[in-house]
Every structure is written in structure tokens, then in C-alpha cells.
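Rule-based calculations on the coordinates, nothing more; no lab input. Bear in mind the structure is a predicted one, so any value in this text is a computation, not a measurement. Using ideal geometry, Cβ is built from the backbone for each residue, glycine included, and neighbour counts are taken over all protein chains shown.
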Ligand code: TRP
């Protein structure tokens, strides 16, 4: 189990860690899922709750996961077993690996749609279409099952191809260049979107909270979205933490990544809602939102062909850097615990996920159930157990020791403890039980 320690791969340095972790966090969750979940849950009020959850739950859970991973130097299953020997906390790891399968299955389907939109943009297939024709294009993509499946498999194959090559040469190298490019494109889209006629209605929807829309379900969705978007609650961050060298700051990394992730989600909202309202589309139409609003903007934009193409290419890449992190959780587990070779582990995991992905492509309810169960149940539950583990189960001095391993005193440590001991677990538990109707 620990014999692999010295041969373990590592991130090369600060930039690599932030790029890879932000690459994991920033993905379809920000650009596809955030806007449509927000649209279905009433807009501005959802946004406020979401931001609050990122700050008081997301950041502390991310720091907790990092420190567990770096302390243990192992995959998510091995980490909990090593830090609490003889106890059953490794079940968090089992749950995490299970969640990775579910998330990656539906994620690859959406990523597959994104690839198809690269193709549609390349062939200029939507130029000159009316908003309702653009909507029909999306429905057709969803309903042509074979097409969906083919793109899903292609995407899974690409993910496996990169994960196979390891941390520094695979994951890190791609993330460093691609994430900044995505940011630039989204900013260009924002400028076009907010200057459309009728944009203000969309901005009002996004930024004016209507508190009458808040129900326990909305709050649970906001919590699930925060976990999903930050990639926390299932061991991605534990696994990545195990590749971080001791002299790097965990708190600083968690803050930078969460901030970057939130900014991209907000920018996605500002790109999408003004356009949705300007083109007379419903904000609560669900998973198709990004695929039907943005092509309208591209049609109205000088250079829309180039922007549209670039956007979907970069979105595919953002999806890729996220799916890589999900697959890495399973691969790290397979190689370190089941002693498979990295290549073998990668293809076996990818094969199983591809099969689950086919079910998601074929059936909307399977797709919806995988998404709901993982985001709104498994991730919050994982996060809850992680913070409990750090405050009550780990050796008393270990968390602080790990956070301060970079040689700097953590001035925020008192706050961190207060949050993970009381605020975060109580908040997660309440939202969770209430949202599921158990409280
Ligand atoms: N956070 C990614 C996104 O926003 C998706 C993702 C990657 C993820 N790794 C994860 C979600 C781990 C939950 C858990 O697209």
C-alpha cells in the first residue's frame, strides 16, 4: 500500500496544482449546470445562497480534503484507512469511487453533446437559424441516440487517453494553457450578451433575489451545485492533495480555486441569461439551456463563427480537465489498492463508465437520477463525513500540522476549526435532511 509512496507522481509546483485543481473544478458544472439549475430555481435568490455555501462550506471542505490527501499520500480509499486504521472511515472512499462512476457517466454524455456542437459550429450548421430552429437542433441531438452514444464514447476515450499518462505530463500540461483561454472567450461572450436589446431583464433575473422562490428544495440544489462545481465531497481533492508537495499552501490553493470557479460560473450566468431573455427563451428549460441560448448570440455577433467554434472547443476542454480528475480518483484507487497497472486500471474504469454513460444517453431518467443522487446526496454526505473526520477522528495535531507544513503560520486556523466543527456540518446536515423531506 505505501510502497508506491516514493514512486508517486506529483504536481510540479504551484501553477500546476492550481491549474489542475481549477481545471477539475471549472467545467460543465459552471457553464452548463450552474445556469440551468439557477434558472430552474428562481434566479437571484439561488445565487445568493449558492455564494454563501461556497464560502462557508465549499472552501473549508476543500481545505479538509486537501489536508487528508497530502497527509496520507494515498488515494481516497487508502487515505482514510491509513489515517484511521481499523475503523470504517474508508467507506467514505468507497462512496467517493462510486460517485465518480455515476458523475462521469452523465458528465460524458453532456461532454458528448459539447463535442457535437464543435462539429455543428465547424460546419456552420446553425448560422441564420431562428431561436426555435436552434432549439430543435438540440432536441434532435438528444433524441438521436446513436449519435449521442458515439460522442459519449469518444469523449470517454479521450479522457482515458490523457489519464493513462499520469499527473505531470498528462493532467497538468493541458490544464495550464487551456483554462486561461476559456476565460477570455467567456469575457467576449459577456460583452456581446449584455449589449443585446432586452439584456437587462436577464441581468435582473440573475441578480435581483426574489426570496419568495426559496424552498428547501432550492437550498438543497444550491448546496449540491456548490459541491458539484467545486469538485468536492467525493475524493478528487483528496486525490489531488496527495500529489501536492509539502511546501505548498493548502489554504491559499483552496481559496484561489474556489474564487476562480465562482467567477467562471458568474460569467457563464451573465453570458446566458441576458441572451435567453433577449431571444425570448425560458430560463427554466433545463439541461439544454446553454446549448440553445449561446448559438443565438453567435448568430448575432461579428465573428460569431469563430467565437462559437472556439467556445465549444474550450468547453469540451474544460469538460475534459474535469472528467480527467474524476477518472483519476478511480484509477488511483485501482492502482494503489487493487494493484492494477496504471494503463490497465484506466481502461477498465473507462470501460465501465462508458457502459453507464450509454444508459444515461439512452434514458433521461437514468441521466437525471445519476445527477441528482450524486450531486444532492453523495457529495454533501461525503463532505459532511470529511469535516467530521478532520475534527473528531484525525489525530488532534494533524490537521494544523498539515496545513502549516509549508512553514507558514495559518492565521485563519481558528476560523477554519470553528467552521468545520460547527457551522459546516450543521448547515450541511440541516439542508440535506430538510431537502430530502426528512426534517
Ligand atoms: N466540478 C466539475 C465541473 O464543475 C465536475 C467535477 C469534476 C466534479 N470532478 C468532480 C464534480 C468531483 C463533483 C465531484 O464541471
TODO: Using only the alpha carbon atoms of the chain, find the Kirkwood hydrodynamic radius as the inverse mean reciprocal pair distance, in angstroms to one decimal.
DONE: 21.7 Å
Open item on the list: Given the DSSP H assignment, sum -39500 (n - 2.57) over each helix run of at least 4 residues in the chain and divide by its residue total; what's the result at 222 nm in deg cm²/dmol, nearest 500?
Closed with: -22500 deg cm²/dmol
TODO: List 129, 116, 88 from most exposed to least, where exposure is judged by having the fewest other Cβ atoms within 10 Å.
DONE: 88, 129, 116
Open item on the list: Using a 10 Å cut-off around each Cβ, can you sort 358, 244, 297 from fewest to most neighbouring Cβ atoms?
Closed with: 358, 297, 244
Open item on the list: Sorting check: for 201-210, 12-21, which peptide has the highest mean count of neighbouring beta carbons within 10 Å, and how do the rest follow?
Closed with: 12-21, 201-210
Task: segment 93-146-segment 251-293 distance, computed between alpha-carbon centres (Å) - done: 17 Å
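Can you tell me the relative contact order of the chain? Whole percent, Cα pairs under 8 Å, sequence separation 6 or more. Please report the intermediate quantities before stating the final value.
Numbers: 712 pairs, mean separation 157.1, N = 439.
Here the relative contact order equals 36 percent.
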TODO: Sort 52, 439 so the one with the fewest other Cβ atoms within 10 Å of its own Cβ comes first.
DONE: 439, 52
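Specify whether the C-alpha gyration tensor of segment 191-266 places it in the rounded, prolate or oblate class, a ≥ b ≥ c being the square roots of the eigenvalues: rounded for a/c under 1.5, otherwise prolate if a/b is larger than b/c and oblate if not. Numbers along the way, then the final one.
Values: a/c = 3.57, a/b = 1.77, b/c = 2.01.
Judged from the Cα gyration tensor, segment 191-266 comes out oblate (a/c at least 1.5, b/c at or above a/b).
Hey, what did segment 333-439 get for relative contact order, percent, Cα under 8 Å, at least 6 apart? Don't skip to the end; give the middle numbers.
Values: 34 pairs, mean separation 24.5, N = 107.
After rounding, I find 23 percent.
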